[in-house]
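Colleague: Before we start, here is the structure in question, set down as structure tokens.
The values are calculated or read from the model by the stated rules, or taken from the named source; none is laboratory data. All figures in this text were calculated on a predicted structure; none of them were measured in a lab. When we count neighbours, we look across all protein chains shown, and the Cβ atoms used for this are built from the backbone with ideal geometry, even at glycine.
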Amino acid sequence: MNYNPSAGEIKTAVAERLSRLFGETPAEATREQMYRAVAKTVTEMLNDKRAGYKEAVAKGKAKQVYYICMEYLLGRSLKTNLENLGLADKYKEALEQMGFSLDELYECEPDAGLGNGGLGRLAACFTDSLASLDYPAFGFSICYEYGLFRQKIVDGLQIELPDNWLPGGDVWLQPRPDRVFTVRMGGRVTETWKDGRCVIGYEDTEDVEAFPYDMMISGGASDSVARLRLWKARATRSFDMSLFSQGQYAKAMEDSGSAEIISKVLYPSDNHLEGKLLRLTQQYFLTSASVQNIIRDHMAVYHRIDNLSDKVAIHINDTHPSLVIPELMRILIDDYFLSWEQAWDITVKTVSYTNHTVLPEALEKWNEDIFRFRLPRIYMIIHEINERFCRDAWEKFPGDWNRIGGMSIISYGQMHMANLAVIGSHSINGVSALHSQILKDTVFKDFYRMYPERFTNVTNGIAHRRWLCYSDKKLAKLLDGTIGPAYRHEPEKLADFKAYSEDAGVIDALRRIKHENKQSFAALLEKKTGVVIDTHSVFDVQIKRLHEYKRQLLNVLDIIGIYLDLKNNPSLDIYPRTYLFGAKAAPGYAFAKRTIQLICMLQKEIEADPRIREKLRVVFLENYCVSMAEALVPAAEISEQISLAGKEASGTGCMKLMMNGALTIGTLDGANVEMRDAVGRDNIYIFGMNAGEVEQLWREGYNSALYYARNDRLKRIVDCLDHGFAGESFADVAAYLLSGQGVADPFMCLADFDSYSRVREAMYRDYLDRDKWTVKSLMNIAGSGFFAADRAVTEYAERIWGLEKFKLN
Ligand code: 26Q
């Protein structure tokens, strides 16, 4: 099919794929079969388009960026691809003629949940923008057989079920048997001298084959198509049929079984380290296959290695792929025989690193012995990198062993991956202005003194076409009709919407759109879960991973306060509210799971009281994921961004909600700070301590009991946890807040409670003047252009990767 087919041509193409794949005609095909046939036509078009683009990039010798990340939280692809290609309307028409609804086919697609949350979704949003802006881009990740677990809630308890996404998700994957690489682990390293050179050999290694599957990511109305390559692990030794025929089934399986485990499942924890050998193996597997692939592609075009950093930028998304640094060194030295100095110069110029967290428990460390045993050659190289670094550091800080010890990659039997990433990259950035500053002031303070020129900030951004144009079509239409459609490719143009803040017609339309979006979400919720919510109540949402630092508990405490007020006086005059929570807890994170249970039990108790239910609803949304966010974000009115200041590196959900006209209640944390600057103080609700005040209180000694004793309302709330809700006591949560193990209330919910509660009430009062509220909502939409991934990716390209756009002429 050509890139601009007519509805008739689409029908013919789809019918042909249906017949080829399933032997069916459109009249007999099921929805699933139709979905696959449609997807097939789209992938073929994208593959074709990509091939043309790739060839042109090679011919034009353009620089390329390789974005390496353990997670890509893509969600669904069909809708975005069709919209980006500008073909959604024509497919809709063609399918209607064949008796199918395109919207229903969208629902057949499972989410590709190959990520935990923010970091993985960021990688997906960036890939979309890279393609849309015509930057030559390649993503690398792992083809997990199971993505992030499916969440089921049974009596308030989270149960994890396997997320088997491939039936249905596999239509987007193209196997590439011509690009298989071998990844070597374990064994012993040998060094022999031959012709005056040290030749590195290996004995008794475990070899794993990295088998690539390619996924094409279309840009919005651009020439370029980005490619995401997902590696699947396979045993190198083929199945030993002789063992099999002797009846030794298990032994025959052993080799293949152990290798395939590597790409079996995504680790389900975010902002928390799991120092497991399998995770290290996954990280090296991704890294080694990707670097080998990059070098191979480079050599195929240039036939020389010394210009690598001119033609290639490798970006490591957090430290998870930081083994790129020693792996690149290994190949340059062992395979291309470069000197250490040459290899190091190329490596540092090629690699750049983004940090996504300052939580100490999330900074990656590996046990040195395990590491050396698993990756002996990589260990040797890191050891040498470290020796040389420590010598340099000694020059800068003579005699200051303590300081150098803190910067060392290897210390006290542990390997510190963030130190490796900083030492081996020419650029290190945080993901919001505040976060980048905190990196320079605390975590990387000494490195900042040593390499000040390496540190920079790129505030995160979101794929605004996906999160606004395609998921909130009514709002997009209103924007098209007022400011014109240019914002779709120049998101900063959203600022033009400010000019309509006094236009009663636009304000009215905006209010109506929000209400219709609320109705659509409520209808979907009822259909899927049977839960009915009042679309005239205010929709107050907190959607993000469950984590203590994100303080879902603070939100719950305040809701309990309102609940107690209503119990005390059921005729209390308050505007009806619906509190919506969506959150997955890491399976091993007991307190996070307990918080989910608290939300669910409170929900249950409120549901049982018809008089209270009219004014106050709590809804825990099971299995929050990308496709649910796409339905919920357009319906949200209040966005909860209430992390303890200094802890949330950026947050990106906040940006999606803002762009869809929700008003934020938040602390001065992460990107909230820049959101306040973008919308002005009148259009955002800031409360609580700032990062400096948190630090100070922490240093002085935080005592949660003081806040409890001073505030009667807070005291009543915490006390009522003992008795609990719906028959379940939460005395342990009260204890966590007041006595705790170690520090009570480590994320200072009680310290910020009063301010939160007051600001939230002020917010509800403002909501009553719906015109004024809607103007604020308009100002949020108008101020959100900065938070588009197009802007973020342009900054990376220009300031970090030295990358230029490459268009077909
Ligand atoms: C590490 C080692 C072993 C197992 C798992 C992990 C691991 C996995 C995922 C550690 C961290 C993550 C994910 C972190 C993450 O999503 N961070 C978020 O990144 C967003 C994008 O920059 C920010 O907006 C959020 O503030 C940040 O929390």
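Colleague: Report whether or not Lys567 is of a type in the set (Lys, Arg) and part of a helix (DSSP H, G or I).
Modeller: yes
Colleague: Sticking with this one: Against the conditions (1) of a type in the set (Asp, Glu); (2) part of a helix (DSSP H, G or I); (3) out of contact with any helix residue (DSSP H, G or I) (no Cβ under 7 Å at 6 or more places or on another chain); (4) within 16 Å of the ligand (Cβ to nearest atom), where does Asp178 fall short? Just the number, please.
Modeller: Every condition holds for Asp178 apart from (4).
Colleague: Sort out which residues of the stretch 642-659 are near the ligand (Cβ under 10 Å from one of its atoms) and not aliphatic (A, V, I, L, M), and write them in order of number. Give the steps one after another, and end with the answer.
Modeller: So the first thing to find is which residues in the stretch 642-659 are near the ligand (Cβ under 10 Å from one of its atoms), and the list is 643, 647-655.
Once the filter is applied, which keeps residues that are near the ligand (Cβ under 10 Å from one of its atoms) and not aliphatic (A, V, I, L, M), the stretch 642-659 yields Ser643, Lys647, Glu648, Ser650, Gly651, Thr652, Gly653, Cys654.
Colleague: Here's another thing I want to ask about it. Test of understanding: among Glu260, Glu274, which residue is within 13 Å of the ligand (Cβ to nearest atom) and either acidic (Asp, Glu) or assigned to a strand (DSSP E or B) (or both)? I'd like the intermediate steps shown before the answer.
Modeller: On the way: Glu260 fails: within 13 Å of the ligand (Cβ to nearest atom).
Criteria check complete, one pass: Glu274.
Colleague: Moving on. Looking at Val532 and the list (1) within 30 Å of Cys390 (Cα to Cα); (2) over 27 Å from the mean Cα position of the chain (by Cα); (3) of a type outside the set (Ser, Thr, Tyr), which single condition is not satisfied?
Modeller: (1)
Colleague: Next question. Scan (1) touching a Cys at 6+ places or on another chain (Cβ under 6 Å); (2) surrounded by fewer than 24 Cβ atoms within 10 Å (Cβ to Cβ) for the single condition Ser141 breaks and write down its number.
Modeller: In the conditions (1) touching a Cys at 6+ places or on another chain (Cβ under 6 Å); (2) surrounded by fewer than 24 Cβ atoms within 10 Å (Cβ to Cβ), Ser141 misses (2) alone.
Colleague: Residues in the stretch 542-549: is at least one touching a Phe, Trp or Tyr at 6+ places or on another chain (Cβ under 7 Å), more than 16 Å from the ligand (Cβ to nearest atom), at pLDDT 95 or above and closer than 28 Å to Val694 by Cβ? Step through it out loud before you land on a result.
Modeller: Initial filter on the stretch 542-549 (touching a Phe, Trp or Tyr at 6+ places or on another chain (Cβ under 7 Å)): 542-543, 548-549.
From what's left, more than 16 Å from the ligand (Cβ to nearest atom): none.
No, the stretch 542-549 contains no residue that is touching a Phe, Trp or Tyr at 6+ places or on another chain (Cβ under 7 Å), more than 16 Å from the ligand (Cβ to nearest atom), at pLDDT 95 or above and closer than 28 Å to Val694 by Cβ.
Colleague: So in the stretch 391-412, with the set limited to residues that are in a helix (DSSP H, G or I) and more than 34 Å from the chain's Cα centre (by Cα), which one is farthest from the ligand (Cβ to nearest atom)?
Modeller: First, pick out the residues of the stretch 391-412 that are in a helix (DSSP H, G or I): 391-396, 401-407.
The next check asks that each one be more than 34 Å from the chain's Cα centre (by Cα); those that pass are 391-396, 401-402.
Numbers: Arg391: 30, Asp392: 28, Ala393: 26, Trp394: 31, Glu395: 33, Lys396: 30, Trp401: 29, Asn402: 27 Å.
Checked the stretch 391-412; the qualifying residue farthest from the ligand (Cβ to nearest atom) is Glu395.
Colleague: Of Ile370, Ile378, which residue is part of a helix (DSSP H, G or I), over 17 Å from Lys276 (Cα atoms) and in contact with a helix residue (DSSP H, G or I) (Cβ under 7 Å, 6 or more places away or on another chain)? Let's see the steps before the verdict.
Modeller: Numbers: Ile370 fails: over 17 Å from Lys276 (Cα atoms).
Residue meeting the stated conditions: Ile378.
Colleague: Looking at the stretch 300-316, can you tell me whether even one residue there is in a loop (DSSP other than H, G, I, E, B), within 23 Å of Met185 (Cβ to Cβ), modelled with pLDDT of 95 or more and within 16 Å of the ligand (Cβ to nearest atom)? Even if it seems obvious, please write down each step before you answer.
Modeller: Let us first name the residues in the stretch 300-316 that are in a loop (DSSP other than H, G, I, E, B), namely 303-307.
Retained after the next criterion (residues that are within 23 Å of Met185 (Cβ to Cβ)): none.
No, the stretch 300-316 has no match at all.
Colleague: So is Leu644 under 31 Å from the mean Cα position of the chain (by Cα) and at negative phi or not?
Modeller: Numbers: under 31 Å from the mean Cα position of the chain (by Cα): yes; at negative phi: yes.
In short, yes.
Colleague: Okay, next question. So which residues in the stretch 761-805 are surrounded by fewer than 18 Cβ atoms within 10 Å (Cβ to Cβ) and assigned to a loop (DSSP other than H, G, I, E, B), if there are any at all?
Modeller: Of everything in the stretch 761-805, those that are surrounded by fewer than 18 Cβ atoms within 10 Å (Cβ to Cβ) and assigned to a loop (DSSP other than H, G, I, E, B) turn out to be Asp769, Gly802, Glu804, Lys805.
Colleague: Still on this structure, I have one more. For the stretch 354-366, indicate whether the set of residues that are within 16 Å of the ligand (Cβ to nearest atom) and hydroxyl-bearing (Ser, Thr, Tyr) is non-empty. First the steps, then the outcome.
Modeller: From the stretch 354-366, those within 16 Å of the ligand (Cβ to nearest atom) are 354-366; that's our starting set.
Add one more test, that the residue is hydroxyl-bearing (Ser, Thr, Tyr), and what stays is 354, 357.
Yes, that holds for at least one residue.
Colleague: Give the residue that is farthest from Ala58 (Cα to Cα), with candidates limited to residues of the stretch 125-147 that are within 13 Å of the ligand (Cβ to nearest atom) and in a strand (DSSP E or B).
Modeller: Ile142
Colleague: Within the stretch 648-655, can one find any residue that is in contact (Cβ under 8 Å) with a residue 24 or more places away in the chain, farther than 30 Å from Glu693 by Cα and not acidic (Asp, Glu)?
Modeller: Quick first cut of the stretch 648-655, residues in contact (Cβ under 8 Å) with a residue 24 or more places away in the chain only: 648-653, 655.
Next, only the ones that are farther than 30 Å from Glu693 by Cα stay: none.
Taking every residue of the stretch 648-655 in turn, none turns out to be in contact (Cβ under 8 Å) with a residue 24 or more places away in the chain, farther than 30 Å from Glu693 by Cα and not acidic (Asp, Glu).
Colleague: If we keep just the residues of the stretch 111-124 that are near the ligand (Cβ under 9 Å from one of its atoms) and part of a loop (DSSP other than H, G, I, E, B), which is surrounded by the most Cβ atoms within 10 Å (Cβ to Cβ)?
Modeller: That would be Gly115.
Colleague: May I ask you to list pairs of residues, at least six apart or on different chains, whose Cβ atoms are under 8 Å apart, with the first in the stretch 111-132 being basic (Lys, Arg) and the second being in a helix (DSSP H, G or I)?
Modeller: Within 8 Å, the pairs are Arg121/Val626.
Colleague: If you don't mind, another one. Quick check on the stretch 27-46. Is at least one of its residues in contact with a Cys (Cβ under 7 Å, 6 or more places away or on another chain), surrounded by 15 or more Cβ atoms within 10 Å (Cβ to Cβ) and closer than 14 Å to Ala94 by Cα?
Modeller: Step one: list which residues in the stretch 27-46 are in contact with a Cys (Cβ under 7 Å, 6 or more places away or on another chain), which gives 31-32, 35.
From what's left, surrounded by 15 or more Cβ atoms within 10 Å (Cβ to Cβ): 35.
Add one more test, that the residue is closer than 14 Å to Ala94 by Cα, and what stays is 35.
Checked against the condition, which is being in contact with a Cys (Cβ under 7 Å, 6 or more places away or on another chain), surrounded by 15 or more Cβ atoms within 10 Å (Cβ to Cβ) and closer than 14 Å to Ala94 by Cα, the stretch 27-46 yields at least one hit.
Colleague: Please specify each residue of the stretch 363-385 satisfying the condition of being aliphatic (A, V, I, L, M) and farther than 30 Å from Gly802 by Cα.
Modeller: Filtering the stretch 363-385 for residues aliphatic (A, V, I, L, M) gives 363, 370, 375, 378, 380-382, 385.
Of everything in the stretch 363-385, those that are aliphatic (A, V, I, L, M) and farther than 30 Å from Gly802 by Cα turn out to be Ile370, Leu375, Met380.
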